[in-house]
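The values are calculated or read from the model by the stated rules, or taken from the named source; none is laboratory data. Everything quoted here is computed from the prediction, not taken from an experiment. Counting neighbours? That spans all protein chains shown, and the Cβs are built from the backbone with ideal geometry, glycine included.
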Amino acid sequence: MAEIRELGPAEPVREPDHVLIVRHDDGKFEVSGTADAGKADAHYLTPSPFEDKEDAIVCAQSFAEAHGLPVIHVKGFRARAEA
């Protein structure tokens, strides 16, 4: 299972191969990702926005697992509930 790493508002994803979940002002979660960037057979993840954070995380985890990506980046929300 990929590690979830929270990014600050202006912090970029530095890896060309990545998964990113962003929470927008309307409350929807956008998931995007790239695997094998720069290659002819690169894979891209661009599903429709999710209403539910957990559904977005499941989608991102699936892409990360399928393509061997160790980290899922998130922006605009806490991925785990605070204790």
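The table that follows gives values for the structure above.
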{"quantity": "Within the stretch 1-36, tally of residues that are among the hydrophobic types (A, V, I, L, M, F, W, C) and closer than 13 Å to Gly68 by Cβ", "calculated": "4"}
{"quantity": "Every pair of residues 6+ apart whose Cβ atoms lie under 6 Å, when the first sits in the stretch 59-83 and is at pLDDT below 95 while the second is surrounded by 12 or more Cβ atoms within 10 Å (Cβ to Cβ)", "calculated": "Gly76/Val22; Gly76/Arg23; Phe77/Arg23; Ala79/Ile4"}
{"quantity": "Residues of the stretch 13-50 classified as surrounded by 11 or more Cβ atoms within 10 Å (Cβ to Cβ) and either touching a residue at least 60 places away in the same chain (Cβ under 8 Å) or not β-branched (Val, Ile, Thr) (or both), total", "calculated": "24"}
{"quantity": "Residue match in the stretch 36-44 (condition: modelled with pLDDT of 95 or more, touching a strand residue (DSSP E or B) at 6+ places or on another chain (Cβ under 9 Å) and closer than 12 Å to Phe77 by Cβ)", "calculated": "no"}
{"quantity": "Residue count for the stretch 32-83, restricted to those that are in a loop (DSSP other than H, G, I, E, B) and among the β-branched types (Val, Ile, Thr)", "calculated": "1"}
